[in-house]
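Some notes on the structure that comes next.
The values are calculated or read from the model by the stated rules, or taken from the named source; none is laboratory data. This is a predicted model, so every value here is computed, not measured. Heads up, the Cβs are rebuilt from the backbone with ideal geometry, glycines too, and the neighbour counts pull from every protein chain shown. The accessibility values were calculated without ligands, DNA or RNA, using every heavy atom of the protein model including side chains. Shrake-Rupley method; radii C 1.70, N 1.55, O 1.52, S 1.80 Å.
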Amino acid sequence: MNKRKEEKNLEMITIKTISTSEFESLSFLEGQKDIPFEIKRIYYIYGVTKDSKRGGYSHKNLSQLLFAFMVRLEFFWMIEKKEILLDSPFLGIIIKNGIWREMVWEIDNSVLCVAASDYYNESDYISNYNEFLNYKKEGYWNNES
Ligand code: TYD
């Protein structure tokens, strides 16, 4: 997968939001309309302390939307690292397949929410970075549109 393809597989979105009063807001999104896949699973991670790191894997096929307040995403390409801080409740990031990610909590107790394109499947994870690099070198993700 070349760099352009990787960037295509990583997209920041602004989740539709309405102000319901002076200080309150409501954000919403719909599968296949606001994000490019049907949502089959929701999960969320909470009770995490500041500076904790989770993740450290790529997916073979799964696409996900992540949203959180004050969680930093770190992405490791073959040649460069990219970081995105989710610093607004209406920001989301779509991570498609073939992207190695780690998540760092910038504050205590932030909730990381994930909408996923498929049911939980342990065999869809690549949790070893060298194995991930081998998948890329072998062109595992090259033939997708
Ligand atoms: P894991 O993916 O290792 O968490 P993290 O992304 O933070 O590294 O998941 C932790 C445990 O939860 C593991 O035993 C698998 C289980 N799990 C499910 O059963 N269903 C799910 O949808 C997810 C995401 C995890």
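Filter region 108-139 down to the residues that are farther than 17 Å from residue 98 by Cα and more than 14 Å from the ligand (Cβ to nearest atom), then identify the one that is most open to solvent (accessible area, probe 1.4 Å).
Among them, the one singled out is 109.
Being farther than 17 Å from residue 13 by Cβ, in contact with a strand residue (DSSP E or B) (Cβ under 6 Å, 6 or more places away or on another chain) and more than 10 Å from the ligand (Cβ to nearest atom) is the filter here, so list the residues in region 23-61 that pass it.
First, the residues of region 23-61 that are farther than 17 Å from residue 13 by Cβ: 23-24, 40-41, 43-61.
Checking the rest, the ones that are also in contact with a strand residue (DSSP E or B) (Cβ under 6 Å, 6 or more places away or on another chain) come to 41, 43-45, 48, 50, 52-58.
Residues satisfying the conditions are 50, 58.
In the list 91, 66, 85, 73, which residue meets the criterion of being open to solvent by 50 Å² or more (accessible area, probe 1.4 Å) and hydrophobic (A, V, I, L, M, F, W, C)?
On the way: 91 fails: open to solvent by 50 Å² or more (accessible area, probe 1.4 Å); 66 fails: open to solvent by 50 Å² or more (accessible area, probe 1.4 Å); 73 fails: open to solvent by 50 Å² or more (accessible area, probe 1.4 Å).
Among 91, 66, 85, 73, only 85 is open to solvent by 50 Å² or more (accessible area, probe 1.4 Å) and hydrophobic (A, V, I, L, M, F, W, C).
Could you list all residues from region 7-24 that are hydrophobic (A, V, I, L, M, F, W, C) and more than 26 Å from the chain's Cα centre (by Cα)? Break it down stepwise before answering.
The first filter runs over region 7-24 and keeps only residues hydrophobic (A, V, I, L, M, F, W, C), leaving 10, 12-13, 15, 18, 23.
Result: 23, single match.
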